[in-house]
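The values are calculated or read from the model by the stated rules, or taken from the named source; none is laboratory data. Predicted model only: the values in this text are computed from it and were never measured. Counting neighbours? That spans all protein chains shown, and the Cβs are built from the backbone with ideal geometry, glycine included.
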């Protein structure tokens, strides 16, 4: 959980050692493994956990398809939502949809927020807990696939945090620790949530006031979990269509997805492919989301979001790919004396900070993306979503790119990031996304001023 720290120049791996592999065929590194691993077979348990449960994830139960996964009144009162509940139930009875018996929901705020389980009779429910920090007992052992923690943070003025996301508070605290030359932080950072991403746990939390459609003040853009726009309860509303998606997946494919730890990337890729209509649209990659009005309870007409995401889920014939970032080289230039820098490579995301006079250059190899058996990467996408910085393609196929990101003067309270999107495509499906997300530190930023006060 400790962020890496970057000195004046940091080479995260040797560009000479890697250059011979660019564009060459290589064995696909199993999902959940370090990209330089030679003996890893898949996601590993956090330290202290017992044997990992992924390999023996149960198959679809109820072989006679007597029960149904969704109640036909559904949380979508009328319109296409009810029609989809009926369609998924019919597909389940015919053996074409997995249903929800392989899924478990848990609330991590003592049931302050929860799914309306009445609508999902097949889904397992684990007893609510006050926190998700006990990953082994709270998530992995019970095979929890979906969860929410509908809480916020208030009263932390030194970090500019009043009525904000807990995740955001933890990230700012981790950056502050590095800037204060404290090498250990006990707060969960992106590396902690990476365990969720690789172990079938789809997590949603409210953004509270950290994000609104008009004002984005998140420190980083993350591919590992979802935030909902608003306060308590919005997280479970955002999760509901994804319960439908999980029920609609083909049964044999869903079992294979679960046993490989690929549930979250598959769900995330489907969600971001349809929430804005185009996975390359910047609107599909924001720190927090609202469901389209037409996908909320009470709407009785058609909804392109539900129709699109559920049609895609039902039609999957293999596991979609996952973008992974192989950082070949990262260098930091300083106009004056070296300044503290937060930098962390989390395989599916690279996050960092810039202060005035700094420029970050990162060379990334996208050819390490995960693909299903029998597939190959046909296309690479690298796109700037927002903020300062440029992308340079270093080879014809676009698998090797260099990002140059100079510090930029941003507003003090919002729009403080440069975000970059990365996708791979296997000829049939786009991948779950990967991001580079860099936070520009304003000279009057509470992160900086609080350091001055401490010293």
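Is it the case that residue 353 is within 21 Å of residue 439 (Cβ to Cβ) and in contact with a strand residue (DSSP E or B) (Cβ under 6 Å, 6 or more places away or on another chain)? Working first, answer last.
Details: within 21 Å of residue 439 (Cβ to Cβ): yes; in contact with a strand residue (DSSP E or B) (Cβ under 6 Å, 6 or more places away or on another chain): yes.
So residue 353 passes the test.
Please verify whether residue 382 is outside the structural domain of residue 271 (by TED's automatic domain parsing) and within 21 Å of residue 190 (Cβ to Cβ), treating the condition exactly as stated.
Values: outside the structural domain of residue 271 (by TED's automatic domain parsing): yes; within 21 Å of residue 190 (Cβ to Cβ): yes.
Taking the combined requirement at face value, the residue satisfies it.
The single residue among 238, 226, 242 that is surrounded by 23 or more Cβ atoms within 10 Å (Cβ to Cβ) and more than 22 Å from residue 438 (Cα to Cα) turns out to be 238.
Checked against the criteria, residue 414 does not count as in a loop (DSSP other than H, G, I, E, B) and in contact with a helix residue (DSSP H, G or I) (Cβ under 9 Å, 6 or more places away or on another chain). Scanning segment 144-155 for residues that are assigned to a loop (DSSP other than H, G, I, E, B) and at pLDDT below 95, we see that the one that is surrounded by the fewest Cβ atoms within 10 Å (Cβ to Cβ) is 155. Quick check on segment 2-10. Is at least one of its residues surrounded by 14 or more Cβ atoms within 10 Å (Cβ to Cβ) and modelled with pLDDT of 85 or more? The answer is no, given that none of the residues of segment 2-10 is surrounded by 14 or more Cβ atoms within 10 Å (Cβ to Cβ) and modelled with pLDDT of 85 or more. The selection criterion, being in contact (Cβ under 8 Å) with a residue 24 or more places away in the chain, buried (at least 20 other Cβ atoms within 10 Å of the Cβ) and part of a helix (DSSP H, G or I), does not hold for residue 97.
Does residue 394 qualify as being at pLDDT below 95 and surrounded by fewer than 22 Cβ atoms within 10 Å (Cβ to Cβ)? First the steps, then the outcome.
On the way: at pLDDT below 95: no; surrounded by fewer than 22 Cβ atoms within 10 Å (Cβ to Cβ): yes.
No; evaluated as a whole, the condition is false for this residue.
Among the residues that make up segment 330-339, is at least one of them touching a helix residue (DSSP H, G or I) at 6+ places or on another chain (Cβ under 8 Å) and either surrounded by fewer than 24 Cβ atoms within 10 Å (Cβ to Cβ) or more than 25 Å from residue 287 (Cα to Cα) (or both)? Looking for residues that are touching a helix residue (DSSP H, G or I) at 6+ places or on another chain (Cβ under 8 Å) and either surrounded by fewer than 24 Cβ atoms within 10 Å (Cβ to Cβ) or more than 25 Å from residue 287 (Cα to Cα) (or both), one finds none in segment 330-339, hence no.
Exactly one residue out of 169, 201, 192 is at pLDDT 90 or above and surrounded by fewer than 22 Cβ atoms within 10 Å (Cβ to Cβ), and it is 192.
The single condition among (1) surrounded by fewer than 21 Cβ atoms within 10 Å (Cβ to Cβ); (2) within 14 Å of the chain's Cα centre (by Cα); (3) farther than 20 Å from residue 207 by Cβ that residue 284 does not meet is (3).
Any residue that is modelled with pLDDT of 85 or more, surrounded by fewer than 21 Cβ atoms within 10 Å (Cβ to Cβ) and out of contact with any strand residue (DSSP E or B) (no Cβ under 8 Å at 6 or more places or on another chain) - is there at least one of those in segment 289-306? Yes, there is a match, as at least one residue in segment 289-306 is modelled with pLDDT of 85 or more, surrounded by fewer than 21 Cβ atoms within 10 Å (Cβ to Cβ) and out of contact with any strand residue (DSSP E or B) (no Cβ under 8 Å at 6 or more places or on another chain).
When segment 346-361 is filtered for residues that are in contact (Cβ under 8 Å) with a residue 60 or more places away in the chain and in a loop (DSSP other than H, G, I, E, B), the ones remaining, listed by number, are 346, 347, 348, 355, 356.
Determine whether residue 326 is touching a helix residue (DSSP H, G or I) at 6+ places or on another chain (Cβ under 8 Å) and over 27 Å from residue 102 (Cα atoms). Spell out how you get there, then give the answer.
Numbers: touching a helix residue (DSSP H, G or I) at 6+ places or on another chain (Cβ under 8 Å): yes; over 27 Å from residue 102 (Cα atoms): yes.
Spelling it out, residue 326 is indeed touching a helix residue (DSSP H, G or I) at 6+ places or on another chain (Cβ under 8 Å) and over 27 Å from residue 102 (Cα atoms).
The residues of segment 120-143 that are in a helix (DSSP H, G or I) and touching a strand residue (DSSP E or B) at 6+ places or on another chain (Cβ under 9 Å), listed by number, are 138, 139.
Which residue out of 379, 417 is touching a strand residue (DSSP E or B) at 6+ places or on another chain (Cβ under 7 Å) and surrounded by 15 or more Cβ atoms within 10 Å (Cβ to Cβ)? Criteria check complete, one pass: 417. In segment 265-281, the count of residues that are without any contact (Cβ under 8 Å) to a residue 40 or more places away in the chain, crowded, with 17+ Cβ neighbours inside 10 Å, under 19 Å from the mean Cα position of the chain (by Cα) and assigned to a loop (DSSP other than H, G, I, E, B) is one or more.
How many residues does segment 226-252 contain that are farther than 13 Å from residue 146 by Cα, in a helix (DSSP H, G or I) and out of contact with any helix residue (DSSP H, G or I) (no Cβ under 9 Å at 6 or more places or on another chain)? Break it down into steps so the answer makes sense when it comes.
Here is the first cut: in segment 226-252, the residues farther than 13 Å from residue 146 by Cα are 227-234, 248-252.
Next cut, in a helix (DSSP H, G or I) only: 234, 248, 251-252.
If we keep only those that are out of contact with any helix residue (DSSP H, G or I) (no Cβ under 9 Å at 6 or more places or on another chain) as well, we get 234, 252.
Qualifying residue count for the region: 2.
Can you tell me which residue among 388, 367, 399 is under 23 Å from the mean Cα position of the chain (by Cα) and more than 21 Å from residue 437 (Cβ to Cβ)? Let's see the steps before the verdict.
Values: 388 fails: more than 21 Å from residue 437 (Cβ to Cβ); 399 fails: more than 21 Å from residue 437 (Cβ to Cβ).
Exactly one of 388, 367, 399 is under 23 Å from the mean Cα position of the chain (by Cα) and more than 21 Å from residue 437 (Cβ to Cβ), namely 367.
Working only within segment 331-345, note down all residues that are over 23 Å from the mean Cα position of the chain (by Cα) and part of a strand (DSSP E or B).
First, pick out the residues of segment 331-345 that are over 23 Å from the mean Cα position of the chain (by Cα): 331-341.
Within segment 331-345, 331, 332, 333, 334 meet the criteria.
The set of residues in segment 45-60 that are modelled with pLDDT of 80 or more and either part of a loop (DSSP other than H, G, I, E, B) or within 18 Å of residue 243 (Cβ to Cβ) (or both) comprises 49, 57, 58, 59, 60.
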